[in-house]
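K.L.:
Take this structure, written in structure tokens, and hold onto it; I'll ask about it next.
The values are calculated or read from the model by the stated rules, or taken from the named source; none is laboratory data. Bear in mind the structure is a predicted one, so any value in this text is a computation, not a measurement. Here the Cβ positions follow ideal geometry from the backbone for every residue, glycine too, while neighbour counts run over all protein chains shown.
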Amino acid sequence: MDCVFITNDDGISEGLESLITYLHDFNIPLLVIVPDKNKSASSMSITLREKMKLSKKIDLEDKLKKGNTPLSIFTLSGTPTDCSLFVDFAKGTKLLGGLNPIFAISGVNHGANLSHDVFHSGTVGAARQTAMNGLPSIASSYCDYGGFEIGTAAKLTAELCKNMWTNFDKNGSFKSLFYDGKIFLNLNVPTAWNGILKYSTLGIRDYENALVIESIDSIKESNVSFDGPNIVEEFIVGTDVEQINSNFASISLIPTWPYSHRRYPEKEVMEKIGEIDSIDDLSWIIY
């Protein structure tokens with residue numbers, strides 16, 4: 001049975017449970033495989049030279065399941081990218097219980113994934129990996145680390161998924177790139193969302209003064225960490241940073257493959273992407 005695959009980098013979380021609930025309201029079959037603990041900022045890290053434990057979460061399935069729509073939930077003692085790779089390698093095995101992922105969502109993440117955060121994010125890394133596996137993929141993030149009212153982002157994500165799930169075809173240049181996994185979507189929803197979704201390019205958002213040093217031995221050893229950075233943003237019209245600060249939800253198209261890779265979209269396609277003026281140019285995304 002065709003289904004939506006869900007993963008994230010937060011593990012079992014309020015954002016995940018909210019997303020599952022909204023999608024099950026739409027009677028969409030779900031296969032959920034998430035890390036067994038928080039793996040934020042893990043990018044596309046994978047686990048090598050050690051075994052990972054796969055655990056079926058029957059109690060959570062019973063809690064969230066509605067009607068007869070299939071819902072299968074697992075945790076994996078690995079990274080978000082491990083979860084995506086596992087699904088790809090496990091297709092057709094008994095482990096997936098007959099579920100066949102044709103669409104993927106990574107999220108809803110607690111905290112924004114804007115600008116070059118997309119290179120560090122485990123949420124975005126999992127979406128990129130599932131796109132590399134050939135599945136149309138969305139990374140979804142709520143721009144609040146406490147998760148307050150994260151259901152707003154979960155509802156929007158579920159509605160976008162429903163639209164693309166029920167209108168699953170590959171007609172149109174940008175649409176075919178998405179459904180073939182050559183580009184994926186990066187969604188961010190602000191805490192004070194005004195109800196409007198806008199297309200965005202990636203903006204500029206730098207971190208400064210993030211280093212914390214705690215002396216263990218004044219000569220030989222110190223504890224160092226990155227914590228509480230001063231975030232410096234540039235106000236550039238049409239970027240994800242500007243849209244979020246203006247209380248719009250932001251969605252960006254991101255090429256799955258590196259620039260020099262043969263699967264990177266052709267130059268002409270990238271030029272057309274650069275000419276996108278608004279979300280109206282991507283009608284297949286609108287819910």
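K.L.:
Is segment 213-231 home to any residue that is surrounded by 17 or more Cβ atoms within 10 Å (Cβ to Cβ) and modelled with pLDDT under 95?
P.N.:
No, segment 213-231 contains no residue that is surrounded by 17 or more Cβ atoms within 10 Å (Cβ to Cβ) and modelled with pLDDT under 95.
K.L.:
Sort out which residues of segment 123-142 are closer than 22 Å to residue 233 by Cα and not aliphatic (A, V, I, L, M), and write them in order of number.
P.N.:
Residues satisfying the conditions are 123, 140, 141, 142.
K.L.:
Next question, about the same structure. Conditions: (1) assigned to a helix (DSSP H, G or I); (2) in contact with a Lys or Arg (Cβ under 8 Å, 6 or more places away or on another chain); (3) not acidic (Asp, Glu). Residue 95 meets all but one. Number of the miss?
P.N.:
Here residue 95 meets the rest and fails (2).
K.L.:
Here is a follow-up. Output the number of residues of segment 247-284 satisfying the condition of being at pLDDT 85 or above, outside any helix (DSSP H, G or I) and in contact with a Lys or Arg (Cβ under 9 Å, 6 or more places away or on another chain).
P.N.:
Matching residues across segment 247-284 total 13.
K.L.:
Being assigned to a helix (DSSP H, G or I) and either surrounded by fewer than 23 Cβ atoms within 10 Å (Cβ to Cβ) or not aliphatic (A, V, I, L, M) (or both) is the filter here, so list the residues in segment 1-30 that pass it. Step through it out loud before you land on a result.
P.N.:
Applying the first criterion (assigned to a helix (DSSP H, G or I)) to segment 1-30 yields 14-25.
Scanning segment 1-30 gives 14, 15, 17, 18, 21, 22, 24, 25.
K.L.:
Identify all residues within segment 31-54 that are of a type outside the set (Gly, Ala, Ser), in contact (Cβ under 8 Å) with a residue 24 or more places away in the chain and in a loop (DSSP other than H, G, I, E, B); write none if there are none.
P.N.:
Result: 36, 37, 38, 39, 44, 46, 47, 52, 53.
K.L.:
I've got another one for you. Given the criterion in contact with a His (Cβ under 9 Å, 6 or more places away or on another chain) and either buried (at least 24 other Cβ atoms within 10 Å of the Cβ) or within 24 Å of residue 52 (Cα to Cα) (or both), identify the matching residue among 99, 71, 135.
P.N.:
Only one candidate passes the filter, namely 71.
K.L.:
Scan segment 108-158 for residues that are assigned to a loop (DSSP other than H, G, I, E, B), on the phi < 0 side of the Ramachandran plot and hydroxyl-bearing (Ser, Thr, Tyr) and jot them down.
P.N.:
Hits for segment 108-158 are 121, 145.
K.L.:
Let me ask something else about it. Looking only at segment 225-247, which residues are under 24 Å from residue 140 (Cβ atoms) and in contact with a Leu (Cβ under 7 Å, 6 or more places away or on another chain)?
P.N.:
Within segment 225-247, 239, 240, 241, 244 qualify.
K.L.:
All but one of (1) loosely packed, with under 15 Cβ neighbours inside 10 Å; (2) in a strand (DSSP E or B); (3) of a type outside the set (S, T, N, Q) hold for residue 237; which doesn't?
P.N.:
Exception for residue 237: condition (2).
K.L.:
Could you go through segment 82-96 and let me know if any residue there is under 19 Å from residue 17 (Cα atoms) and among the aliphatic types (A, V, I, L, M).
P.N.:
Checking segment 82-96: not a single residue is under 19 Å from residue 17 (Cα atoms) and among the aliphatic types (A, V, I, L, M).
Yes or no, residue by residue, for (1) modelled with pLDDT of 95 or more; (2) acidic (Asp, Glu):
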| position | (1), (2) |
| --- | --- |
| 104 | yes, no |
| 114 | yes, no |
| 158 | yes, no |
| 164 | no, no |
| 167 | no, no |
| 176 | no, no |
| 180 | no, yes |
| 194 | yes, no |
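K.L.:
Let me ask you something else. Mind listing whichever residues of segment 148-201 are touching an Asp or Glu at 6+ places or on another chain (Cβ under 6 Å) and surrounded by fewer than 19 Cβ atoms within 10 Å (Cβ to Cβ)?
P.N.:
191, the sole residue that qualifies.
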